[in-house]
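To start, the structure itself, in structure tokens.
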Amino acid sequence: MTQTVRAIRIEEFGGPEKMKLVEVPVGEPGPGEVRIRHHACGLNFIDVYQRTGLYANPLPLQLGMEGAGVIEAVGDGVTHLKAGDRAAYASNPPGAYSEARVMPAKCVVKLPADIAFDTAAGMMLKGLTAQYLLKKTLPQGGLQPGDHVLFHAAAGGVGLLACQWAKALGLKLIGTAGSDAKCDLALAHGAAHCINYQRENFTQRVKEITGGQGVKVVYDSIGKDTFEGSLDCLRPFGLLASFGNASGPVPPFAIGQLGPKGSLHITRATLFTHIATRESTQAMAEDLFAVVQSGAVKVRIDQRYALADVAQAHRDLEARKTTGSSVLVP
């Protein structure tokens, strides 16, 4: 049986105005697939990258990487989910900006009854990102309680989760943000320090906070504008974990500079390598659910938009007007 649902699609790359609300057919799931009816869909910066073509996908493209809802049907070979299950995901391929969709089942996980749909839609991609950063993307020798880490965009969706999770792990997270209000938000969520980069040189402040030593790891989703400063915040053998390009892609750089700066390490991480298998996705999701259910990490849904208002949601996200997580409500 084929039904039609409302979804957000682009026919060409460009600005928020390129997103159109359209009717699309949704059929039955094939082998290894599920059909999920969304109750909430997550909004993430990767959606902007895909809309603009920075991360190019074939056109026409249905946007959205994160959602939560109820499983309507499962295809052959799917054993971890059944019709009627509450479920959530952060997953390729895009398509979450919709009332319902058919998608691969391997990255869809059963959602605990005590986690609301909008909370799940606001935390899956960001929370799994915080998980792989703080638990898997580690400097030489790992991280121990008391260690300083630098986390850019600390008042954003990933940042506020990371502030809380880092505190729960005993880490001293130094955040950066673009206003005093955002710094206050990061501090209220567990950051040990927060630097307003509009008023202060974050590299100098990090050195002051750490007694001149620098941090073991910098988690950087900003990209071009913070890259050089991030390197200068690291102690010898430190790690720069680049995982986003909010200010634009990091330009080509001379790898030779990493030696004189202290034999530094750089990685360009992405969530989708970590959730490439069902087993890895399940383990990471269980870790995320546990820390949320414990109360150590609380998920803020600070913005809610109707699916039809997706262009405004993207404009707000790009203008840095949002805090915490944002969701679209189909």
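The values are calculated or read from the model by the stated rules, or taken from the named source; none is laboratory data. Computed from a prediction, not measured in an experiment: that's the story for all the values here. Here the Cβ is made from the backbone with ideal geometry for all residues, glycine too, and neighbour counts use every protein chain on show.
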E318 being under 17 Å from the mean Cα position of the chain (by Cα) and either touching a residue at least 40 places away in the same chain (Cβ under 8 Å) or over 19 Å from H38 (Cα atoms) (or both): yes
Meets criteria (assigned to a strand (DSSP E or B), under 30 Å from E12 (Cβ atoms) and at pLDDT 95 or above) for G95: no
Contacts under 9 angstrom Cβ, first residue in the stretch 288-308 being touching a residue at least 40 places away in the same chain (Cβ under 8 Å), partner surrounded by fewer than 14 Cβ atoms within 10 Å (Cβ to Cβ) and in a strand (DSSP E or B), 6 or more apart: none
Close pairs (8 angstrom Cβ cut-off, 6 or more residues apart or separate chains): hydroxyl-bearing (S, T, Y) in the stretch 258-283, surrounded by fewer than 15 Cβ atoms within 10 Å (Cβ to Cβ) anywhere: S263/P236; S263/F237
Whichever residue in the stretch 278-330 is at negative phi and of a type in the set (K, R) and, among such residues, is surrounded by the fewest Cβ atoms within 10 Å (Cβ to Cβ): K321
Residue match in the stretch 149-161 (condition: surrounded by fewer than 17 Cβ atoms within 10 Å (Cβ to Cβ) and part of a helix (DSSP H, G or I)): no
Residue check, T129 more than 19 Å from L317 (Cβ to Cβ) and either of a type in the set (D, E) or touching a residue at least 40 places away in the same chain (Cβ under 8 Å) (or both): no
Exclusive hit being out of contact with any Ser or Thr (no Cβ under 7 Å at 6 or more places or on another chain), at pLDDT 95 or above and closer than 29 Å to N245 by Cα, set A56, A83, A73, A88: A88
Residues satisfying the stated conditions in the stretch 304-315, i.e. in contact with a helix residue (DSSP H, G or I) (Cβ under 7 Å, 6 or more places away or on another chain) and farther than 21 Å from R37 by Cβ: A311, H314, R315
Filtered residue count, the stretch 68-92, keeping only those that are of a type in the set (D, E) and in a loop (DSSP other than H, G, I, E, B): 2
Pick from the stretch 207-248, criterion touching an Asp or Glu at 6+ places or on another chain (Cβ under 6 Å) and part of a loop (DSSP other than H, G, I, E, B), ranking: modelled with the highest pLDDT: T226
